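Please read the structure below before turning to the comments.
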Amino acid sequence: MLGTIMLPIHVIIVPRYVLFSQIGWVNTFLPLIVPKILATDAFFVSLMVQFIRGLPRELDEAARIDGCGHPRIFAQIILPLMKPALATTTIFTFIWTWNDFFGQLIYLTDPDMYTVPVALRSFVDSTVATSWGSQFAMSVVSLLPIFLAFLIGQRYLVKGIATTGGK
């Protein structure tokens, strides 16, 4: 897991592009969304593991004595306790995906499909005078979803970060 965290995205971008091209996902939003849903970021897997390790083992043992199996222990005991860690993962994933420039630039070729960071960059033209007022307005509008995600999930984010670390 540590190896995948330390591996830069630039090393795996070509094999990913070839894979997504072969299955017809280039110039769609699927290569941007599906890997995030499938939890391909080892950082978040590590975050979840650390959070679950911090839960008291007595909860599992008490549920086992009450006759619960593994799926029921996970669904009724562990999953509700994981809400702060899941919210933290969701917020960070949203912010990192929203702000990603490189992946979106690689996978999206149609200007009508551009996401906000790529569209902002294409708005700047080095040969013509840039309209700084319009660009500033677009930048502020692009920050609104991130700001709203943070405001809505702030209490979960703080709780998830505070309880995920060491003991």
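Just so it is clear, none of the values below were taken in a lab; they were calculated from the coordinates. Please read all numbers here as calculations on a predicted model, not as lab measurements. Cβ coordinates were reconstructed from backbone atoms using ideal geometry, including for glycine residues, and neighbour counts include every protein chain displayed.
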**OP:** Could you tell me which of the residues Ala39, Ala75, Ala62 is part of a loop (DSSP other than H, G, I, E, B) and either exposed (fewer than 14 other Cβ atoms within 10 Å of the Cβ) or in contact with a helix residue (DSSP H, G or I) (Cβ under 9 Å, 6 or more places away or on another chain) (or both)?
**Re:** Ala39
**OP:** May I ask you to list the residues in region 82-105 that are surrounded by fewer than 16 Cβ atoms within 10 Å (Cβ to Cβ) and either hydrophobic (A, V, I, L, M, F, W, C) or touching a Phe, Trp or Tyr at 6+ places or on another chain (Cβ under 9 Å) (or both)?
**Re:** Lys83, Ile95, Trp96, Phe101, Phe102, Leu105
Original post:
List pairs: first in region 130-155 and touching a residue at least 60 places away in the same chain (Cβ under 8 Å) and closer than 22 Å to Lys83 by Cβ, second part of a helix (DSSP H, G or I) and of a type outside the set (Asp, Glu), Cβ under 6 Å, 6+ apart or cross-chain?
Top reply: Gly153/Ala87; Gly153/Ile91
**OP:** Kindly provide the set of residues from region 78-97 that are under 26 Å from Leu143 (Cβ atoms) and either in contact with a Ser or Thr (Cβ under 8 Å, 6 or more places away or on another chain) or assigned to a loop (DSSP other than H, G, I, E, B) (or both), ordered by number.
**Re:** Pro84, Ala85, Thr88
